[in-house]
């Protein structure tokens, strides 16, 4: 029986996890190079932020701009909580690869514990100390504010700040532990840590904008998104962690030739467990073999891929339904002035003015096609680094805008159904399904990092998902986009002018 096949009660498993976590915490507490900065940031940095907040409040009061001071204090509260957590990245990067370099990990890996127990114990230990420092720092900062300017933040804001700090720490730790378990040196792990630091820094900037804007409800949306990312990263780490590979991997190697051969194999061969006639694509001249292979792709491969990826397609469709509801919900919150959306006596010049906007394509078949293809390809490239989240978000944005405009037309006395039927439906009945398919398979590429299939490695799983995406994109999405672009350039304007023209 292998170590990972050990069956234990849940209580026993958690006792082992906590035992590993306590071992890691004891080792961390012995290192003054980690403890001293955390203590310093916990005690001294809140005092500095308290002085900053007091000075800022006094300044804005003299300038009669009290609202700026009110928005600055919650932002400083978030910063105070975040800085001690930044050390969670340092500790997490050391969890596996650091012990491997110090040659202290072999006894731990030889213990009769499962990979899951070992992984969770390491992750909890990497999170606990910086999280405690974050909570203490926030407490010191709030106590200082209470004594200096008498400020007490609202309870819901406090809950949001604590939730964001905890989830952000878990996201950083889960990503760093994945890096630590897949690299062979601390130097390589530190270099790869930029993939965690840069997105986190951008996230902090986004949260600061939300706080200065005063829309604190949006912080719950950010927290929910971070929770999803954290879950995906933890699942990715658990699925990809293998103690034998940690000991056996001596150097990080990227074999491009093998990856290209593997990608060609997945692209040319039938997907998954699909069985097709053995003679398909194996006889005749090169032209006949190509024709036979294309016939197999349309007859067997594409239907198989669509059937076996129905879950990803359903997720994207559900996200689009949610996007429509969100766009419609903002109609009453952000009403447009009366007469802005006048459609009476609409002419060709009015439609041409829309294409003068820099980020919109020209009203031609080629312009629309290349614009849509570029956006979907960019989303596919972003899928891998975002675990499939960004492609879905990019597709949700235009549908939210359409729903918002349809609602605004309805508020101003037009028929929302007529607006959608004239402006969107002629080409949308082809373009939207094409975008859904491209996004669904891009989502699968991102998800393949966190959920490998069978005994395949993470790299093989990603290459297989990417080959399926390319096959669907070339032979299904591209033809649909071409037809949709032709309809949008040559049919939709005539329908709009026929419905709304003078």
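The values are calculated or read from the model by the stated rules, or taken from the named source; none is laboratory data. The shown structure was predicted, so the numbers you read here are calculated from the model rather than taken from an experiment. As a convention, Cβ positions derive from the backbone with ideal geometry for all residues, glycine included, and neighbour counts pool all protein chains shown.
Checked against (1) more than 30 Å from residue 141 (Cα to Cα); (2) surrounded by 14 or more Cβ atoms within 10 Å (Cβ to Cβ); (3) at pLDDT 70 or above, residue 110 passes all but condition (2). Cβ-Cβ distances below 7 Å connect the following pairs, each with a first residue in region 308-328 that is more than 12 Å from residue 443 (Cα to Cα), a second residue that is outside any helix (DSSP H, G or I), and a separation of six or more residues or different chains: 308/272. Within region 444-461, the set of residues being within 16 Å of the chain's Cα centre (by Cα) and at pLDDT 75 or above comprises 444, 445, 446, 447, 448.
Within region 250-300, the residues that satisfy the criterion of being over 18 Å from residue 441 (Cα atoms), surrounded by 14 or more Cβ atoms within 10 Å (Cβ to Cβ) and at pLDDT 70 or above are 259, 262, 289, 292, 293, 296.
The criterion of being buried (at least 18 other Cβ atoms within 10 Å of the Cβ) and either at pLDDT 70 or above or in a loop (DSSP other than H, G, I, E, B) (or both) does not hold for residue 116. From the list 206, 201, 155, 189, the one residue that fits, being over 24 Å from residue 127 (Cα atoms) and in the same structural domain as residue 234 (by TED's automatic domain parsing), is 155.
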